[in-house]
Amino acid sequence: MGVAVRLTFEPWLNRSGRVFLVVPEQGTPSVRVSWRTQGRLLPGEISPGQRVLVYEGPISVPFLDETLALKIQADGRQLPEMRSLAFHFEIDTD
């Protein structure tokens, strides 16, 4: 599935930083999410309760647009009902 992402970097322009993709713990058993990108962010994989680096370096643009091609793996036998999978981004700057 494709997810369009727009990150606002304006408050951190001209600084160096690290951006993380975060999937909070959601009580969802055995879910693994992997993604590919167009190259602006790093590809990777994550499970609920983790935080993964997706960008490190100078912040020189006010916005970053990227499309993530997500692959979600879960054991349907362990998911008795519909579940949502929430994620967000965090930034640490120098």
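The values are calculated or read from the model by the stated rules, or taken from the named source; none is laboratory data. What you see is a predicted model; the values in this text were computed from it and never measured. Cβ: placed from backbone, ideal geometry, glycine included. Neighbour counts: every protein chain shown. Calculation scope for accessible area: heavy atoms of the full protein, side chains included, ligands and nucleic acids excluded. Shrake-Rupley method; radii C 1.70, N 1.55, O 1.52, S 1.80 Å.
Miscellaneous remarks
- Taking region 12-40 as the range and being of a type in the set (F, W, Y) and either farther than 15 Å from P58 by Cα or in contact with a Lys or Arg (Cβ under 9 Å, 6 or more places away or on another chain) (or both) as the test, the residues that pass are F20, W35.
- Of the residues making up region 10-46, those that are within 17 Å of L68 (Cβ to Cβ), in contact (Cβ under 8 Å) with a residue 12 or more places away in the chain and more than 11 Å from the chain's Cα centre (by Cα) number 4.
- When R32, R15 are checked against the criterion of being surrounded by 11 or more Cβ atoms within 10 Å (Cβ to Cβ), of a type in the set (K, R) and closer than 16 Å to T93 by Cα, a single residue qualifies: R15.
- Residue in region 62-73 that is open to solvent by less than 50 Å² (accessible area, probe 1.4 Å), at pLDDT 95 or above and acidic (D, E) present: yes
- The set of residues in region 3-12 being assigned to a strand (DSSP E or B) and open to solvent by less than 60 Å² (accessible area, probe 1.4 Å) consists of V3, V5, L7.
- Hits in region 41-59 (condition: modelled with pLDDT of 95 or more and in a loop (DSSP other than H, G, I, E, B)): L41, L42, P43
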